[in-house]
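The structure under discussion appears below in the form of structure tokens.
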Amino acid sequence: MAMSIEEHKARTGRSYKLLLIFAMISMTMMFAGITSAFVVSKSRGDWMKDFVMPTPFYISTALILLCSLAFILAKKAIKKDDRNLTTILLLTTLALGIGFVYFQFEGFNQLYLNGLVPAGGAGSITISFLYVVVLAHLMHLAGGIISLLIIIYNHFKQKYNSSQFLGIELGAMYWHFLDFLWIYLFLFLYFFK
């Protein structure tokens, strides 16, 4: 018995979502390993006890939360076939994502200007962990921005509408995961000094 086009789309959508979930689980395990190493290393004698989170990291946290909100609204807009609003919201998500990256690098710049470097004579194991955590998250965010650019391209090619929005849905799932991951990392670094 042959599958209908709708059944095939539904099966393909479930497969893509499952693959994305497996990828997110493996990324979660990687960050769990990094934060576990952070906890174990905290008992070292050279651990910084008075580390203060740079202000740009607070700003970037607000920006990534706004990114997720814009992506949610973009998904709702495409479900209503509101192409203009979807365009605005996807471009807003991209701008906020770029803003997140900018403020992450500003946070690193503040660390550097305060002499908090990951290696060398002035290096600190605490700052090394911070660099590893944030840079690893930024690498995953680069994948999110690339996927968002592909989504925006496909949107302009009119590949999405109220009945076909799988790309936007998958992009939103990944973006929300990145959002959750950053909030976890930020709170972990803030409270577990």
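The values are calculated or read from the model by the stated rules, or taken from the named source; none is laboratory data. In this text the structure is predicted, and so the values were computed from the model without any measurement. When we count neighbours, we look across all protein chains shown, and the Cβ atoms used for this are built from the backbone with ideal geometry, even at glycine. Calculation scope for accessible area: heavy atoms of the full protein, side chains included, ligands and nucleic acids excluded. Shrake-Rupley method; radii C 1.70, N 1.55, O 1.52, S 1.80 Å.
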*How many Å² of accessible area per residue for the stretch 24-101, probe 1.4 Å?*
51 Å²
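Determine the calculated [θ] at 222 nm for the chain from helices alone, applying -39500 (n - 2.57) to every DSSP H run no shorter than 4 residues and normalising by the residue count; nearest 500 deg cm²/dmol.
-28500 deg cm²/dmol
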_FRET efficiency, 1/(1 + (r/R0)^6) with R0 45 Å, evaluated for LEU187 and LYS9 via beta carbons_ = 0.70
*Distance cut-off 20 Å, percentage of C-alpha pairs in the stretch 64-177 lying past it*: 47 percent
*Assuming 0.890 mPa s and 25 °C, estimate D for the stretch 82-145 with Stokes-Einstein, Rh taken as the Kirkwood radius over Cα pairs, in µm²/s.*
182 µm²/s
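State the percentage of accessible surface on the chain attributable to carbon and sulfur atoms; use a 1.4 Å probe and exclude ligands, DNA and RNA.
Ligands and nucleic acids excluded, carbon and sulfur reach 69 percent.
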*asked:* For a protection proxy built on the mean count of beta-carbon atoms within 10 angstrom, sort 85-94, 18-27, 4-13 highest first, please.
replied: 85-94, 18-27, 4-13
*Measure nothing but the geometry: give the 0 to 90° angle between the long axis through the Cα atoms of 83-113 and the longest principal axis through the Cα atoms of the chain, rounded to 10°.*
10 degrees
*Leaving ligands, DNA and RNA out of it, rank ASP82, ASP179, ASP46 by accessible area with a 1.4 Å probe, largest first.*
ASP46, ASP82, ASP179
*Over the stretch 121-185, what number does the Rg to Rh ratio reach, with both radii from the alpha-carbon atoms and Rh per Kirkwood?*
1.20
*lysines near LYS42 by alpha-carbon distance under 18 Å, same-chain residues fewer than 8 away left out - which ones?*
LYS193
*Using the Cα gyration tensor of the stretch 23-97, with a ≥ b ≥ c the square roots of its eigenvalues, what is the shape: rounded (a/c below 1.5), prolate (a/b larger than b/c) or oblate (neither)?*
oblate
*Please report, for the Cα atoms of the stretch 1-42, the Rg to one decimal and the Dmax as a whole number; what are they, in angstrom?*
18.2, 61
_Straight-line reach only, C-alpha to C-alpha below 16 angstrom: list the lysines that LYS80 could link to, leaving out same-chain residues fewer than 8 apart._
LYS159
*So what's the chain giving for Rg/Rh, alpha carbon basis, Kirkwood Rh from the mean inverse pair distance?*
1.07
